[in-house]
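The values are calculated or read from the model by the stated rules, or taken from the named source; none is laboratory data. Bear in mind the structure is a predicted one, so any value in this text is a computation, not a measurement. The area values use the complete protein model at the heavy-atom level, side chains included, leaving out ligands, DNA and RNA. Shrake-Rupley method; radii C 1.70, N 1.55, O 1.52, S 1.80 Å.
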Amino acid sequence: MNFGIVGCGFIAKKHVAAIEAINGAKLVAVCDKFEEAMKPYIKEYGVKGYKELTDMLRDEEIDVVCICTPSGLHAPIAEQVADAKKHIVLEKPIAMTIEETDRIIEATEKNNIKLAIVHPNRFRPVVQELRSILDSGALGKISHANCIVNWNRNQEYYDQAPWRGTKQYDGGVLMNQAIHNLDLLLWFMGKPEKVYSMEATRLRDIEAEDVSMGVIQFESGALASVQASTTVYPRNYEESITIFGEKGTVKIGGQNALYFEHLDIEGYSENYINNLKDKVRAEPWGIPGHQQIIRDLIDSIHNNTSPSVTGVDGKNALELVIAFYKSAENNQPINMKEGILQ
Ligand SMILES: NC(=O)c1ccc[n+]([C@@H]2O[C@H](COP(=O)([O-])OP(=O)(O)OC[C@H]3O[C@@H](n4cnc5c(N)ncnc54)[C@H](O)[C@@H]3O)[C@@H](O)[C@H]2O)c1
């Protein structure tokens, strides 16, 4: 599989490293409006550089395009790539609106190409273990969950590029950072029914929110609280999800949600629990998430199956973010069953 990348900024590095690490995957081209951004890749990997996406999309050598541009440009670029019949690895968030998201999904279906959304945290060893625990039913009926992202993104981070922190191209802590955790929450807890939230822009000079708090009621009846911020002094403090079930309590956490911080399940011996914790601690990151997402997409192309994280998964996470935004804006609960406004 030959890869092209559009958008050669911060996250493109992870895509390049992932492609390089996969047998049978090769980076053949990069594209960026800003020529300087392409130079390191052209020099190091001898790949082609395109200033215009339309030119890169004419390159018949390319099978898959990784889209790593600012979030507000995901939709028009993904539609163009789909129409050129190249498979897509699309960075999160899938897009900024539901309408844009539907257009992306429609374009990929119409052109019969695969679309994988980069929510790589699903592949973290601790997350996979928690997913297995939930699948086994060991926690019994789920009562509620907590989802926390208390991180630091300082003003310099937002000042790096004009798109950061804007509502049109980036969004705030929910759309940019905590969307990964909302994706996990949905994966663990099922469909959301109702959302109530408040948000603020407290410490950063940006248009979107730097703090958000909210409550979700799921279709199962279970509840979850969400707390997300990029205002924490002086560095990332906590990323965690805790699930409270009738027969067990599990918290995955740390500065990044990489470890079992608490694990207490009826019928699990102390020895078994310690082994599980140690197993995760031995290799907390596992195989890098971007590598897993790209390898999974290649498999889905070869086997004509769905990638593990689909466009619909990306849409579900985005819908939840938008429900939080709408609730905060209107100061009222949002019933997600009735469908979110655009
Ligand atoms: N999955 C993750 O963990 C993760 C982490 C960071 C960022 N991201 C996502 O990746 C995307 C990019 O973020 P970043 O931090 O790399 O941004 P960045 O600003 O560092 O890089 C964006 C690049 O896109 C280029 N670009 C802009 N418009 C373009 C166009 N029309 N055509 C071609 N190139 C264009 C810019 O010149 C820049 O080089 C965002 O959607 C962000 O949310 C995901």
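Rounded to the nearest 5, what % of DSSP beta bridges with both residues in the chain are antiparallel? Please list the in-between numbers first.
Values: 37 of 64 bridges.
In the chain, approximately 60 percent of DSSP beta bridges are antiparallel ones.
Taking each DSSP H run with n ≥ 4 as -39500 (n - 2.57) and averaging over every residue of the chain yields -11000 deg cm²/dmol at 222 nm. If one puts a single equal scatterer on every Cα of segment 253-342 and applies the Debye formula without solvent, what log₁₀ I(q)/I(0) results at q = 0.13, 0.18 Å⁻¹? Debye intensities relative to I(0), on a log10 scale: -0.82, -0.95. Taking 32 Å as the limit for the C-alpha separation, the pairs K33/K92; K92/K279; K114/K251; K279/K326 exceed it in the case of K114/K251; K279/K326.
With a 1.4 Å probe and every protein chain kept in, tell me what percent of the accessible surface of segment 271-329 is carbon plus sulfur. If you can, show how the numbers build up before the last one.
Working: 1280 of 2870 Å².
Taking all protein chains in place, segment 271-329 shows 45 percent carbon and sulfur surface.
Expressed as a whole percent, the proportion of Cα-Cα pairs in segment 90-165 lying more than 22 Å apart is 55%. Take every pair of alpha-carbon atoms less than 8 Å apart whose residues are at least six positions apart; their mean separation over the length of the chain yields a relative contact order of 19 percent.
On the protein heavy atoms, probe 1.4 angstrom, tell me the percent of accessible surface of segment 1-113 carried by carbon and sulfur.
Result for segment 1-113: 49 percent of the exposed heavy-atom area is carbon or sulfur.
In this structure the chain gives 46 Å² per residue of accessible area when probed at 1.4 Å with all protein chains present.
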